1. When each pair of different Cα atoms in region 49-205 is counted once in the 1/r mean, what is the Kirkwood radius in angstroms, to one decimal?
2. If you restrict to DSSP beta bridges whose two residues both lie in the chain, what percentage is antiparallel, to the nearest 5?
3. Taking the Cα centre of region 92-145 as the origin, how large is its charge dipole in debye, to the nearest 20, when only Lys and Arg (+1) and Asp and Glu (-1) carry charge on their Cβ atoms?
4. For Asp79 and Ala110, compute 0.36 nm times the residue count separating them, minus their Cα-Cα distance, and round to one decimal in nm.
5. When the Cα atoms of region 6-86 are enclosed in a convex hull and the volume is divided per residue, what value in Å³ results?
6. Can you work out D for region 92-145 in µm² s⁻¹ from Stokes-Einstein, where Rh is the Kirkwood radius over C-alpha pairs, the temperature is 25 °C and the viscosity is 0.890 mPa s?
7. With charges set only on the Cβ (+1 for Lys and Arg, -1 for Asp and Glu), what does the dipole of the chain come to about its Cα centre, in debye to the nearest 20?
8. When the dipole is taken about the Cα centre of region 31-122, and only Lys, Arg (+1) and Asp, Glu (-1) are charged at their Cβ, what size is it in debye, to the nearest 20?
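Here, each number is a calculation from the coordinates, and none is a lab measurement. Everything quoted here is computed from the prediction, not taken from an experiment. Positions of Cβ are generated from backbone atoms using ideal geometry, with glycine treated the same way; all protein chains shown enter the neighbour counts.
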Amino acid sequence: MVHLDLTLLHSFKTIAESKNISVASQRLNKTQAAVSIQMKKLEDLVGERLIVRGHQTAELTSQGERMLQYATNMLALSDEAIDYFVKGEVCGSVRFGIPDDYASAFLSPALKEFTQRHPRVNLKIRNDISQNLFTALEDGELDIALVTQRNADGNGEILRCDQLQWVSAAGFNVDPNGPIPLALYPHGCGYRRQILSALSGCPLD
């Protein structure tokens, strides 16, 4: 008899939601190879192709769309059963957003400590720029987010203040009569706005 592993279904559902195996692997805190192996195992179990993999995308087949319905229902029932029977222990799902630069610096040790303290909490991670994370919070797509700026209404708690510093390649000299090449964070990032704001007060042509 074939048994569907909830871990496989959770990974499949994460891929379906992100439409990208690379993004899904980050949210699952797994390597892309491990996630791909899980999907191959799930497809072998059901005997159907569920995902069409592109260079940067992962699209569901018609059978994949059907499997997504079952996966969503089964995972929801699993969460409901755990919530009902497990007493006195934190459990459930938390949707957490964090920018890529913070994720690379802080996420791995924080995740390890969190999962040790709360093994029954399913943490769903979304990496994005702060502006998009604010929008996701307002739209109910996230429960909590770590961002690099405060939103317009000032909601949220300041956890730390980072000092930005200018750095250059060794031996780089500024041409006083020419443009200054800068590597900036993407549009919508709080750090980018702070950098441009600082430059706007400088006597530059």
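1. It works out to 19.8 Å.
2. On the way: 3 of 12 bridges.
Of those bridges, close to 25 percent are antiparallel.
3. Numbers: 6 positive and 8 negative charges, 82 e Å.
Charge dipole of region 92-145: 400 debye, to the nearest 20.
4. Numbers: separation 31, 0.36 × 31 = 11.16 nm, distance 2.33 nm.
Extra length from Asp79 to Ala110 when fully extended: 8.8 nm.
5. Values: hull volume 7.1 nm³, N = 81.
Spread over its residues, the Cα hull of region 6-86 gives 88 Å³ apiece.
6. Taking Rh from Cα pairs, D becomes 213 µm²/s.
7. Around 460 debye, computed over the chain.
8. Here region 31-122 has a charge dipole of around 180 debye.
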